[in-house]
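First up is the structure itself, then whatever we jot down about it.
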Amino acid sequence: MTNHHIKDILKKDYLEKEDILCLLETEGLDKTELFKHAAKIKRKYSGNEVYLRGLIEYSNICKKDCYYCGIRCSNKEFNRYEVSTDEIEKAIDFALENQFGSMVLQSGELQSNIFTEKILNVIRKIKSKSDGKMRITLSCGEQTPEVYQKWFDAGAERYLLRIEASNSDLYKLLHPNNELHSYDARVAALKSLREIGYQTGTGVMIGLPFQTINDLADDIVFMRGLDIDMCGMGPYIEHESTPLYERSEGLIPIEYRYQLALKMIAVLRVVMKDVNIASTTALQAIDSSGKKSGLEVGANVIMPNITPIKYKADYHLYKDKPGGGLSIENELEYAIKTIENSGNKVAFGSYGDAVHYLKR
Ligand code: 5AD
């Protein structure tokens, strides 16, 4: 029998932290109830549509040295690349031909005038080629407010910067202790993005070493506090050539991390009804129907990876990252199938702005 308590929580207009914790701890029928409820809310706010974003992993050159991430600068085991201008043009053409309403430009983090200019050029190229018919999301890490402003003025409308872990002590365990990896700078960057006027997104990793369920509840409260428009989050997956791999003994089992990630999506949907939530690749790394499941519990965005195939293996964030062998055509086909199999339809040609943003 379903716990009445869970039904009562789901009926509330405002969830306290304790309510959020309760939802994250659901199992069995209670969990099913949570998932069903989240799916219903998703349907109410974005109908049965799922938005497509064409994801370009622009470069894996990164100045940061995050303990969990495969493309950290200390990892010398693979090639560093940057997608060429020609290849970017082809990706934009592909996205336009296939009625993508939006593109995401994700990159390793560099702070330099050259990098700023390169991203500016890509933004301009997308804007001119698409004749304004395409929204741009950047995910290029921490930058100064001036750089964020430049990119915004050039036409980028959205920015995704994961907080990774909203508990500053946990954040410190996951990153080197230096200026380049400051928790406060990360939060300040998020606030600056919001002030400039971006549709702002963040997210966390789920099932990290040292992370508790209480931290995850706080992550949801953090996202609500920032009044974010978008979220991308997924399970933590170890990578052999990172320092955090040494801490794998304390990890919760991978299947449990996966379930916890689905619960986080569902709970965020219950708490922030009209934000855009992506069904992420890390879910798919654990379960071959991971992205579909994400859509079934409240996510409403899918990002087919349209990076030229020759680079894909080198954007190696964690082990078993899926899709390395898929061409961009296969990626799209797969995304469409996933969306349809989840009982939704593809929102071809739609910008897919978060309702949350349109309302504020
Ligand atoms: N497991 C899961 N997600 C990871 N990321 C980086 N490394 C890992 C990992 N080992 C995520 C981070 C980052 C995004 C690009 O990839 O959250 O923001």
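Odds and ends about this structure:
- Answer from 45, 51, 68 - the residue that is away from the ligand (no atom under 16 Å from the Cβ) and in contact with a strand residue (DSSP E or B) (Cβ under 8 Å, 6 or more places away or on another chain): 51
- When the residues of the stretch 144-166 are filtered to those that are more than 15 Å from the ligand (Cβ to nearest atom) and part of a loop (DSSP other than H, G, I, E, B), the one that is most open to solvent (accessible area, probe 1.4 Å) is 144.
- Checking each residue in the stretch 20-40 for being among the hydroxyl-bearing types (Ser, Thr, Tyr) and without any contact (Cβ under 8 Å) to a residue 60 or more places away in the chain picks out only 32.
- Residue check for residue 249: farther than 23 Å from residue 105 by Cα and at pLDDT below 95: yes
- Among the candidates 245, 236, the residue that is more than 30 Å from residue 351 (Cβ to Cβ), free of Cβ contacts under 8 Å to residues at least 60 places away in the same chain and either surrounded by fewer than 23 Cβ atoms within 10 Å (Cβ to Cβ) or within 11 Å of the ligand (Cβ to nearest atom) (or both) is uniquely 245.
- Evaluated against (1) under 23 Å from residue 243 (Cβ atoms); (2) open to solvent by less than 10 Å² (accessible area, probe 1.4 Å); (3) polar (S, T, N, Q), residue 79 falls short on exactly one condition, (2).
- Being away from the ligand (no atom under 16 Å from the Cβ) and either under 30 Å from residue 22 (Cβ atoms) or in a loop (DSSP other than H, G, I, E, B) (or both) is a property that residue 169 has.
- Whichever residue in the stretch 197-215 is more than 14 Å from the ligand (Cβ to nearest atom) and open to solvent by less than 10 Å² (accessible area, probe 1.4 Å) and, among such residues, is farthest from the chain's Cα centre (by Cα): 198
- When restricted to residues that are part of a helix (DSSP H, G or I) and more than 18 Å from residue 338 (Cα to Cα), the stretch 267-286 contains 5.
- The residues on offer are 61, 88, 123, and the sole one that is surrounded by 15 or more Cβ atoms within 10 Å (Cβ to Cβ), touching a Phe, Trp or Tyr at 6+ places or on another chain (Cβ under 7 Å) and over 17 Å from residue 302 (Cα atoms) is 123.
- Near pairs, Cβ below 7 angstrom, 6+ apart or cross-chain, from the stretch 295-321 (at positive phi) to any residue that is among the small types (Gly, Ala, Ser): 298/38; 298/39; 298/266; 320/285
- Only one entry in 115, 100 is among the aromatic types (Phe, Trp, Tyr), away from the ligand (no atom under 16 Å from the Cβ) and over 24 Å from residue 196 (Cβ atoms), namely 100.
- Number of the condition not met by residue 146 [criteria: (1) touching a helix residue (DSSP H, G or I) at 6+ places or on another chain (Cβ under 6 Å); (2) without any contact (Cβ under 8 Å) to a residue 12 or more places away in the chain]: (1)
- Taking the stretch 304-360 as the range and being among the hydroxyl-bearing types (Ser, Thr, Tyr), crowded, with 19+ Cβ neighbours inside 10 Å and more than 16 Å from the ligand (Cβ to nearest atom) as the test, the residues that pass are 338, 342, 357.
- Qualifying residue in the stretch 76-85 (condition: part of a strand (DSSP E or B), farther than 21 Å from residue 174 by Cβ and of a type in the set (Gly, Ala, Ser)): no
- Residue check, residue 266 at pLDDT 95 or above, in contact with a Pro (Cβ under 7 Å, 6 or more places away or on another chain) and open to solvent by less than 40 Å² (accessible area, probe 1.4 Å): no
- Residue list for the stretch 248-258, filter: of a type in the set (A, V, I, L, M), within 12 Å of the ligand (Cβ to nearest atom) and within 23 Å of residue 298 (Cβ to Cβ): 254
- Tabulated pairs, the stretch 334-360, first without any contact (Cβ under 8 Å) to a residue 40 or more places away in the chain and hydrophobic (A, V, I, L, M, F, W, C), second part of a loop (DSSP other than H, G, I, E, B) and open to solvent by less than 90 Å² (accessible area, probe 1.4 Å), C-beta under 9 angstrom, 6+ apart or interchain: 336/304; 358/274
- Here 278, 299, 261, 285 are screened, and the one residue that is hydrophobic (A, V, I, L, M, F, W, C) and more than 15 Å from the ligand (Cβ to nearest atom) is 299.
The values are calculated or read from the model by the stated rules, or taken from the named source; none is laboratory data. Note that the structure is a prediction, hence the values are computed from the model and not measured. As a convention, Cβ positions derive from the backbone with ideal geometry for all residues, glycine included, and neighbour counts pool all protein chains shown. Areas reflect the complete protein model, heavy atoms only, side chains present, ligands, DNA and RNA absent. Shrake-Rupley method; radii C 1.70, N 1.55, O 1.52, S 1.80 Å.
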